[in-house]
Amino acid sequence: MTLAETPRAVAEKPLLGFTIGITAARRAEEFATLLERRGAGVVHAPAIRIVPLADDTELERVTRELVADPPSIVVATTGIGFRGWIEAADGWGLAEKLGSALSSARLLARGPKAKGAIRAADLREEWSPPSESSAEVLDRLLDEGVDGVRVAVQLHGATAEWEPIADFCEVLRCAGAQVVPVPVYRWTPACDPTPMDHLVGLVASRGVDCVSFTSAPAVVAMLTRARETGMFDALVQSLRQRVVVACVGPVTAAPFEELDIPTTTPARYRLGALARHIADELPRRDRVFSAGGHEIAVRGGGAVVDGEVRVLPPAALSLLRALAQRPGRVVSREALLAALPGGGDDTHAVETAVARLRSALGAPKVVQTVVKRGYRLAIDPSECGDV
């Protein structure tokens, strides 16, 4: 797979050679397609699954309660959640009554998707914040005053450790509101943890260049699974230092902020905007260096040599990373042996791995032998910092 050295080709395939982890449960295939069209390799590991509550007795109970005693204010937080609520009510024969109850209330939509779901139900929202932030909705309600006001809040979902809307409801209660939570759907860990365990391992070993998140519960699910499998410290260290964390918005990024893990987010909190943002951000951060007459960039799954993606076996990739951490400087055989998967005590394994690395790169002069000392990348040390 070769990238022609033209501006048009670079623009069309800006993610060529990059590997990106996707944790999304919904619209994952659509998101993967957006990234793959830009040249990326994708590893999908759903962190959570959405459990619909269309048949749940608690949602039916709350719906009947609101039909009997309509709220003054309704806060719709997600499009899928609001639509699911209306569809569930229709299944119980309550759609018309629920619509009547909601039409008598002031409807606030957190964002455009919630607004669209409200209008699809032949209702009209009173207001939606430009920031698409629950915090701005909350500030508006608190400024107006909610003491004694009956407020129905459609929940995002639920996890044991992270549910910002739960805090939203609690603040309203403290301000005197009569809050009625509407549990339209909830999050649970993915049924099969194997893909997530694989992705956690890849992130910890820098086998991916970027990992993406579209919900805070997905972030919590990955961190929780890493704790359960003893990979938490390695995961956090890699996310802090090596692997780019791309989140769809600040709410999604919040659990990472608590761990001092840097994140990057698009200006608009949309899936398409996230894909475009990743396509802009990764090449901007990419470090390309000249070695042995070739242009080299080290990626999660291999390297890009003169615009051509080279998939490297694990030992060769580990060796290249170890050399690239000290570009242009000599790395001893002992240090390179320690970097190889499995380690060992036979330095001849390093010679074998170097030979395979040169062959896999298709550029034997990139790695230079320094007699009796070790190996180095054939690069001027002043040209590049850590890769």
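The values are calculated or read from the model by the stated rules, or taken from the named source; none is laboratory data. Since this is a predicted model, take the numbers as computed values, not measurements. Reconstructed Cβ throughout: ideal geometry from the backbone, glycine too, with neighbour counts over all protein chains shown.
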Exercise for the section: Return yes or no: is residue 219 touching a Leu at 6+ places or on another chain (Cβ under 8 Å) and among the β-branched types (Val, Ile, Thr)? Expected result: no
Problem - Within region 269-323, considering residues that are touching an Asp or Glu at 6+ places or on another chain (Cβ under 8 Å) and hydroxyl-bearing (Ser, Thr, Tyr), the one surrounded by the most Cβ atoms within 10 Å (Cβ to Cβ) - result: 269
Completion exercise
The condition from (1) in the same structural domain as residue 366 (by TED's automatic domain parsing); (2) touching a residue at least 60 places away in the same chain (Cβ under 8 Å); (3) part of a helix (DSSP H, G or I) that residue 320 misses is numbered (2)
Practice task
Give region 222-236 a look and list any residue that's in contact (Cβ under 8 Å) with a residue 24 or more places away in the chain and either crowded, with 20+ Cβ neighbours inside 10 Å or not hydroxyl-bearing (Ser, Thr, Tyr) (or both), or say none.
Solution key: 222, 223, 225, 226, 231, 234, 235, 236
Handout entry: Restricting region 175-232 to residues that are touching a Phe, Trp or Tyr at 6+ places or on another chain (Cβ under 6 Å) and not small (Gly, Ala, Ser), the residue that is farthest from residue 264 (Cα to Cα)
Key = 184
Problem - Flag if residue 317 is under 22 Å from residue 41 (Cα atoms) and either within 29 Å of the chain's Cα centre (by Cα) or modelled with pLDDT of 85 or more (or both) - result: yes
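Which strands (runs of 3 or more DSSP E) does region 174-293 wholly contain that include 3 or more residues that are assigned by TED's automatic domain parsing to the domain that holds residue 150, among the β-branched types (Val, Ile, Thr) and under 30 Å from residue 105 (Cβ atoms)? Walk me through how you get there before you give the answer.
Values: elements: 178-182, 185-189, 210-213, 244-247, 288-291.
Per the criteria, 178-182.
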Exercise for the section: Kindly establish whether residue 335 is in contact (Cβ under 8 Å) with a residue 24 or more places away in the chain and closer than 30 Å to residue 15 by Cβ. Expected result: no
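Do the conditions hold for residue 62, that is, is it in the same structural domain as residue 33 (by TED's automatic domain parsing) and out of contact with any Cys (no Cβ under 8 Å at 6 or more places or on another chain)? Reasoning before the result, please.
Details: in the same structural domain as residue 33 (by TED's automatic domain parsing): no; out of contact with any Cys (no Cβ under 8 Å at 6 or more places or on another chain): yes.
No, not satisfied.
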Exercise for the section: Go through region 285-314 and give me each residue that's within 23 Å of the chain's Cα centre (by Cα) and under 15 Å from residue 40 (Cβ atoms). Expected result: 285, 286, 299, 300, 301, 302
Fill in the blank from the handout: Sole miss for residue 358 among (1) free of Cβ contacts under 8 Å to residues at least 60 places away in the same chain; (2) more than 30 Å from residue 263 (Cβ to Cβ); (3) not in a helix (DSSP H, G or I) is condition (3)
Handout entry: Unmet requirement for residue 171, which otherwise passes all of (1) in contact (Cβ under 8 Å) with a residue 60 or more places away in the chain; (2) within 30 Å of residue 222 (Cβ to Cβ)
Key = (1)
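Within region 88-122, take every residue that is among the aliphatic types (A, V, I, L, M) and out of contact with any strand residue (DSSP E or B) (no Cβ under 7 Å at 6 or more places or on another chain) and give me the one that is surrounded by the fewest Cβ atoms within 10 Å (Cβ to Cβ). Please lay out each step first, then the result.
Pass one, region 88-122, residues among the aliphatic types (A, V, I, L, M): 88-89, 94-95, 98, 101-102, 105, 107-109, 114, 117-118, 120-121.
In the following step, the residues that additionally are out of contact with any strand residue (DSSP E or B) (no Cβ under 7 Å at 6 or more places or on another chain) were identified as 88-89, 94-95, 98, 101, 120-121.
On the way: 88: 22, 89: 25, 94: 18, 95: 17, 98: 21, 101: 21, 120: 12, 121: 21.
Applying the filter and picking the extreme gives 120.
Going by what's in this entry, would residue 205 be described as of a type in the set (S, T, N, Q) and within 20 Å of residue 300 (Cβ to Cβ)? Give the steps one after another, and end with the answer.
Details: of a type in the set (S, T, N, Q): yes; within 20 Å of residue 300 (Cβ to Cβ): yes.
Spelling it out, residue 205 is indeed of a type in the set (S, T, N, Q) and within 20 Å of residue 300 (Cβ to Cβ).
So in region 326-378, with the set limited to residues that are of a type in the set (A, V, I, L, M, F, W, C) and in contact with a Phe, Trp or Tyr (Cβ under 9 Å, 6 or more places away or on another chain), which one is surrounded by the fewest Cβ atoms within 10 Å (Cβ to Cβ)? Give the derivation first.
Just the residues of region 326-378 that are of a type in the set (A, V, I, L, M, F, W, C), to begin with: 330-331, 335-340, 349-350, 353-355, 357, 360-361, 363, 366-367, 370-371, 377-378.
Now drop any that are not in contact with a Phe, Trp or Tyr (Cβ under 9 Å, 6 or more places away or on another chain), which leaves 330-331, 336, 350, 354, 367, 377.
Values: 330: 15, 331: 21, 336: 21, 350: 25, 354: 22, 367: 21, 377: 26.
Per the criteria, the residue is 330.
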Completion exercise
Subset of region 226-263, residues touching an Asp or Glu at 6+ places or on another chain (Cβ under 9 Å) and closer than 16 Å to residue 45 by Cβ, comes to 226, 229, 231, 243, 246
